[in-house]
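Values quoted throughout were computed directly from the atomic coordinates according to the rules given, and no laboratory measurement underlies them. Keep in mind it's a predicted model, so treat the numbers as computed, not measured. Cβ sites come from the backbone with ideal geometry, for glycine too, and all protein chains shown count toward neighbours.
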Amino acid sequence: MAKKTRITNNIRTLRFLANEMTQQQLADLVGVTRQTILAVENGKYSPSLELAFAIARVFGKPLEEVFSYEDEQTK
Amino acid sequence: MHNRTKVAILSAVSNLIWFVLTYIWNRSKVIDLEGEALAQAWGIYFLILITGFLVLDVLSATLVMTREKRSGGQGFEETTDERDRHVEGYAMKAFGIVSFLCFLVSVLLLALGLGLHAFFCALAFMVWLSGLVMWITYIIGYERGL
C-alpha cells in the first residue's frame with residue numbers, strides 16, 4: 001500500500017483578502033522570489049517550516065489556517 | 001517559465017552542440033595516436049571541452065538574465081532562496097551520481113581490455129552526460145517540482 005501525502009494552502013485566497021496583495025509583495029515580505037511564492041501556491045514546492053511560518057505571520061493567521069496536510073491512502 | 005529553466009535548456013542544448021562538434025574534431029585527431037601522445041591529445045580535448053561548457057553556461061545565463069532585465073525583471077539581481085537551494089541540491093546530487101557511475105563504466109571498459117580509446121571516449125561521454133542530467137534536474141525541479 002502506497003501512502004501519498006500533499007501540502008495544500010490558501011495563500012491565493014488570503015492574498016486576495018489582504019487587499020489583493022501581489023505575489024511580489026508577499027515574496028518581498030517573506031524574503032523569497034516571486035517564482036517561489038508561485039510554486040508554493042501551485043503545490044509545486046513544499047516550503048520549509050521557517051517560510052511557512054513567515055507566510056502565516058504576514059496574514060496574521062495560525063499555520064494550520066494557511067497550510068493543510070492531506071493524507072491520501074491509495075490501494 | 002522560470003529563468004533558471006531557460007538557462008538550463010539553453011545550456012543543455014549548447015553543451016550538446018559543443019560536445020558533438022568537439023568530439024568529431026577530436027576523433028579525427030586521435031584515431032592514429034597511441035600511448036603518451038594519445039593521452040596528451042585527450043587531455044587537450046578535455047580542457048577544450050570543459051572550458052567550452054563553462055563558457056557556454058555563463059553565456060546562457062548572461063543572455064537569459066539580460067533579456068529578463070530588459071523586459072522589466074530582476075535579471076542577475078534576483079535573489080537566491082530556499083527553493084533554489086533545494087533544486088540545486090538535487091541537481092548536484094544527480095550530477096555526482098551520474099559522474100560516479102560513468103566513471104565506473106569507463107574504468108570497467110579499461111579493465112576489460114578495450115583500450116585507452118574506449119576509456120577516453122567513455123570519459124568524454126561522462127562529462128557531457130553528467131552535465132545534461134544536472135540541467136534536466138534543474139528543469140524538472142523548477143517546472144514540475146521535486
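In debye to the nearest 20, how big a dipole does segment A:2-74 give about its Cα centre with +1 on each Lys and Arg Cβ and -1 on each Asp and Glu Cβ?
Values: 9 positive and 9 negative charges, 31 e Å.
Charge dipole of segment A:2-74: 140 debye, to the nearest 20.
Which loop GluC sites (Glu not before Pro) in segment B:1-85, with loop taken from DSSP, have no more than 13 other Cβ atoms within 10 angstrom of their Cβ?
In loop regions of segment B:1-85 (DSSP not H, G, I, E or B), the sparsely surrounded GluC sites (Glu not before Pro) are B:34.
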Lys, Arg +1 and Asp, Glu -1 on Cβ, resulting dipole of chain B about Cα centre, debye, nearest 20 = 300 debye
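Given contacts defined as C-alpha pairs under 8 Å and at least six residues apart, what's the relative contact order of segment B:3-143, whole-number percent? Don't skip to the end; give the middle numbers.
On the way: 113 pairs, mean separation 50.2, N = 141.
After rounding, I find 36 percent.
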Let me know the charge dipole size of segment B:46-89 about its Cα centre in debye, to the nearest 20, where only the beta-carbon of Lys, Arg (+1) and Asp, Glu (-1) is charged.
-> 220 debye
Do me a favour and compute the ellipsoid semi-axes for the protein assembly as shown from its Cα gyration tensor, root of five times each eigenvalue, largest one first, whole Å.
-> 45, 22, 11
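With each run of n ≥ 4 DSSP H residues scored as -39500 (n - 2.57), what mean residue ellipticity at 222 nm is computed for chain A after dividing by its residue count and rounding to the nearest 500 deg cm²/dmol? Please list the in-between numbers first.
Values: 5 runs with 38 residues, N = 75.
Mean residue ellipticity at 222 nm (helix-derived): -13000 deg cm²/dmol.
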Cα gyration tensor category, rounded, prolate or oblate, for chain A with a/c compared to 1.5 = prolate
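When Lys and Arg each count +1 and Asp and Glu each count -1, what net charge do the other residues less than 12 Å away from residue B:73, Cβ to Cβ, add up to? Provide the component values of the computation, followed by the final result.
Working: positive: A:34, B:6, B:67, B:69, B:70; negative: B:68, B:77, B:78.
The answer is +2.
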Filtered pair list for the protein assembly as shown (Lys only, Cα < 27 Å, 8 or more apart or interchain) has a length of 14
